[in-house]
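Colleague: Before I ask anything, let me first share the structure, which is written out below as structure tokens.
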Amino acid sequence: MKKDMAAFLRRVGSASVKRMKQNIDIIHQETGVSKAFLAMDMLHCTVTYNIGYLDYRVFGFAENRDPKNRRTYMTMHHNSVLSNKLNDRDAIAVFIDKPRFNRRFASFLHRDYILLNESSAADFAAFCKGRTSVFAKVTDSFGGQGLELIALDEDTDYRALYERLKAEKKLLVEETIRQHPQMEKLCPSSVNTLRVVTVMKDGTPHFVYALLRAGNGKNRFDNITTGGMYALIGNNHQISRRAFCDKQSAYYEAHPVSGVRFADFQIPYYNEAIDLCLQAALVEPRVGYVGWDVAIAPEGPLLVEGNHLPSYTLCQNHGLNGSKQGYLPIFSKILGEDFFR
């Protein structure tokens with residue numbers, strides 16, 4: 001037991017014990033399972049399955065206690081193996097640096113952009129002419145950080161705006177994406193994107209799963225870190241069940257602002273979006289594990305960006321897929337049973 005406890009403390013050493021207790025309280029309220037059992041079972045799962053208390057809650061292990069089921073869940077370790085084996089350390093720079101990404105995947109973007117560090121204020125004003133808004137991005141940010149939607153009108157001082165954006169290192173300015181009316185219906189205040197995960201096996205890209213991300217209706221972005229929510233998409237082009245918001249730690253049967261139900265929400269151009277990602281995966285095959293963000297425009301899908309280390313928890317959220325099985329067998333079926341050994 002001392003050895004197990006030491007392993008447990010190492011696993012949660014960087015986490016707050018207070019937050020762990022808070023999670024135990026929340027799980028107890030959600031499930032009715034005793035706090036004493038939850039604490040001991042978390043310890044057992046940390047030692048046996050190498051997961052922490054947050055994964056324990058997301059995976060629904062309080063009620064999903066069958067060892068056969070629990071072993072099907074991907075962990076942080078499995079995610080690291082995927083990234084280390086499939087993603088070349090030098091090549092991932094293309095996905096970290098947004099201007100490099102835009103250049104490399106230009107044929108998949110279907111929108112204009114300008115780099116302020118390579119352009120004058122006059123160039124910037126010409127780019128903005130005739131547009132009612134643009135998106136400005138910090139070139140090496142992630143999770144929606146440094147992203148700004150800028151409204152434009154006849155009174156806009158383009159030189160002042162140019163200087164401000166350069167000072168804030170928001171050097172990549174893009175044409176605002178116009179999304180499909182069906183996607184607009186779900187949450188009109190944000191561009192609601194798909195997260196499509198692919199892996200490369202022997203030079204061939206394979207689709208693994210897709211999520212829909214939606215804004216919360218209070219801001220302009222669908223990023224989870226800014227309060228957005230996500231839902232799992234089934235093989236029938238529809239959201240399987242409900243959506244989850246990490247910031248609120250809550251599930252939603254319908255969007256809290258638009259009122260549109262998540263279950264059975266139909267995704268337009270879904271097959272085309274998957275095909276787009278499989279084609280994009282061939283552009284830089286040295287990065288073989290990617291989470292692609294795809295917007296759905298009226299004319300079809302377009303690439304927003306690529307992420308070289310997708311989350312392993314989103315697709316395994318127990319409240320989204322209605323299953324007690326994780327995604328490890330799905331990855332193993334594509335990559336081989338010995339891939340994670």
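Colleague: P(r) for the range 210-293: what percent of alpha-carbon pairs falls in each 10 Å bin, starting at zero?
Modeller: 17, 43, 31, 9, 0
Colleague: Still on this structure, please answer the following. If you average over every viewing direction, what projected area does the convex hull of the Cα atoms of the range 61-143 give, in nm²?
Modeller: Reported value for the Cα convex hull: 9.7 nm².
Colleague: Next question. Most mobile of PRO188, PRO301, PRO256 per a Gaussian network model of the chain (Cα springs, under 10 Å)?
Modeller: PRO256
Colleague: Normalised by the empirical 2.2 N^0.38 Å for globular proteins, what value does the Cα Rg of the range 143-272 take?
Modeller: 1.23
Colleague: Using 7 Å Cα-to-Cβ label points, what is the ASN271/PHE339 separation (nm, one decimal)?
Modeller: That separation, rounded to one decimal, is 2.5 nm.
Colleague: Using a probe radius of 1.4 Å on heavy atoms only, what accessible surface per residue do you get for the chain? Whole Å² is fine.
Modeller: Here the per-residue accessible area is 47 Å².
Colleague: If you don't mind, there's one more thing I want to ask. Using only the alpha carbons of the range 285-341, determine the length spanned along each of the three principal axes and report them from longest to shortest in whole angstroms.
Modeller: 40, 33, 17
Colleague: Hey, what's the Kirkwood Rh for the chain if you take every pair of different alpha carbons, in angstrom?
Modeller: Final number for the Kirkwood radius of the chain is 21.6 Å.
Colleague: Shape call for the range 238-341 from the C-alpha gyration tensor, a ≥ b ≥ c root eigenvalues: rounded (a/c under 1.5), prolate (a/b greater than b/c) or oblate?
Modeller: In terms of gyration-tensor shape, oblate.
Colleague: Oh, and also: Work from the charge dipole of the range 98-171 (Cβ charges, +1 for Lys and Arg, -1 for Asp and Glu, about the Cα centre) and give the residue of LEU161, SER120, ALA106 farthest towards its positive end.
Modeller: ALA106
Colleague: Determine, for each peptide in 310-323, 106-119, the mean count of other beta carbons within 10 angstrom over its residues, then list the peptides with the highest first.
Modeller: 310-323, 106-119
Colleague: Quick one: plug the Kirkwood hydrodynamic radius of the range 15-174 (C-alpha pairs) into Stokes-Einstein at 4 °C, 1.567 mPa s, and report D in µm²/s.
Modeller: Reported coefficient: 65 µm²/s.
Colleague: Evaluate the charge dipole of the chain about its Cα centre and quote only its size in Debye, nearest 20, assuming +1 on the Cβ of each Lys and Arg and -1 on the Cβ of each Asp and Glu.
Modeller: The dipole magnitude comes to about 1380 debye.
Colleague: What angle do you read, to the nearest 10 degrees and between 0 and 90, between the alpha-carbon axis of helix 2-11 and the longest principal axis of the chain?
Modeller: Tilt relative to the chain: about 10 degrees.
The values are calculated or read from the model by the stated rules, or taken from the named source; none is laboratory data. The shown structure was predicted, so the numbers you read here are calculated from the model rather than taken from an experiment. Cβ sites come from the backbone with ideal geometry, for glycine too, and all protein chains shown count toward neighbours. Surface accessibility is based on the protein's heavy atoms, side chains included, excluding ligands, DNA and RNA. Shrake-Rupley method; radii C 1.70, N 1.55, O 1.52, S 1.80 Å.
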